[in-house]
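The values are calculated or read from the model by the stated rules, or taken from the named source; none is laboratory data. Here the structure is a predicted model, which means the values were calculated and not measured. Note that we place each Cβ from the backbone using ideal geometry, even for glycine, and neighbour counts take in every protein chain shown. Ligands, DNA and RNA are stripped out before the accessible areas are found, and what is left, the full protein with its side chains, is counted by its heavy atoms. Shrake-Rupley method; radii C 1.70, N 1.55, O 1.52, S 1.80 Å.
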Amino acid sequence: MRTEHISNFRQHHIKTEYGYKNVLDGIERVASLIKQHRFYVVDGAAPNFINEIYQYVWDEKTGAPVKEHDHAMDSVRYCIATPLWREEQARKQDKNRQRSTGYLNDLGLI
């Protein structure tokens, strides 16, 4: 979701969320699931994805993907990487909360 559209959608009561924008990390997360055989594409069900995966080009100077033929690939990346990242952040918050609670408990404050 393009950030400039988020507030407009929300004003019209359309639920929207910001996506995880780290492109390289997102690609690595998708690639990891593919390597683990946890992500499959059904033959014939996603022709745009199949076309784009073979047209994906990396810039040799920057090491980043070239912004061409990547709409389906970007969508898959957002759909996979965003919830995984949010899950990871929630686990970190829980861990920090437990650590803080432990410290407070050790000090006899709770």
Near pairs, Cβ below 8 angstrom, 6+ apart or cross-chain, from region 83-94 (on the phi > 0 side of the Ramachandran plot and at pLDDT 95 or above) to any residue that is of a type in the set (Ser, Thr, Tyr) and surrounded by fewer than 11 Cβ atoms within 10 Å (Cβ to Cβ):
none
Which residues, taken from region 80-94, are closer than 30 Å to Tyr56 by Cβ and open to solvent by 100 Å² or more (accessible area, probe 1.4 Å)?
Glu87
Only one residue in Arg97, Arg77 is among the basic types (Lys, Arg), surrounded by fewer than 11 Cβ atoms within 10 Å (Cβ to Cβ) and free of Cβ contacts under 8 Å to residues at least 60 places away in the same chain. Which one?
Arg97
I'd like to know if region 28-47 contains one or more residues that are open to solvent by less than 100 Å² (accessible area, probe 1.4 Å) and at positive phi.
yes
Over region 65-74, the set of residues touching a residue at least 24 places away in the same chain (Cβ under 8 Å) and either outside any helix (DSSP H, G or I) or more than 19 Å from Leu33 (Cα to Cα) (or both) is Pro65
Leading residue by the ranking (modelled with the lowest pLDDT) among those in region 32-56 that are within 20 Å of the chain's Cα centre (by Cα) and assigned to a loop (DSSP other than H, G, I, E, B):
Tyr56
Is it fair to say Glu17 is of a type in the set (Asp, Glu) and either more than 18 Å from the chain's Cα centre (by Cα) or modelled with pLDDT of 95 or more (or both)?
no
Looking across region 1-14 at residues that are exposed (fewer than 11 other Cβ atoms within 10 Å of the Cβ) and under 23 Å from Met73 (Cβ atoms), the single one that is modelled with the lowest pLDDT is Arg2
If a residue must be assigned to a helix (DSSP H, G or I) and aromatic (Phe, Trp, Tyr), how many such residues does region 1-31 contain?
1
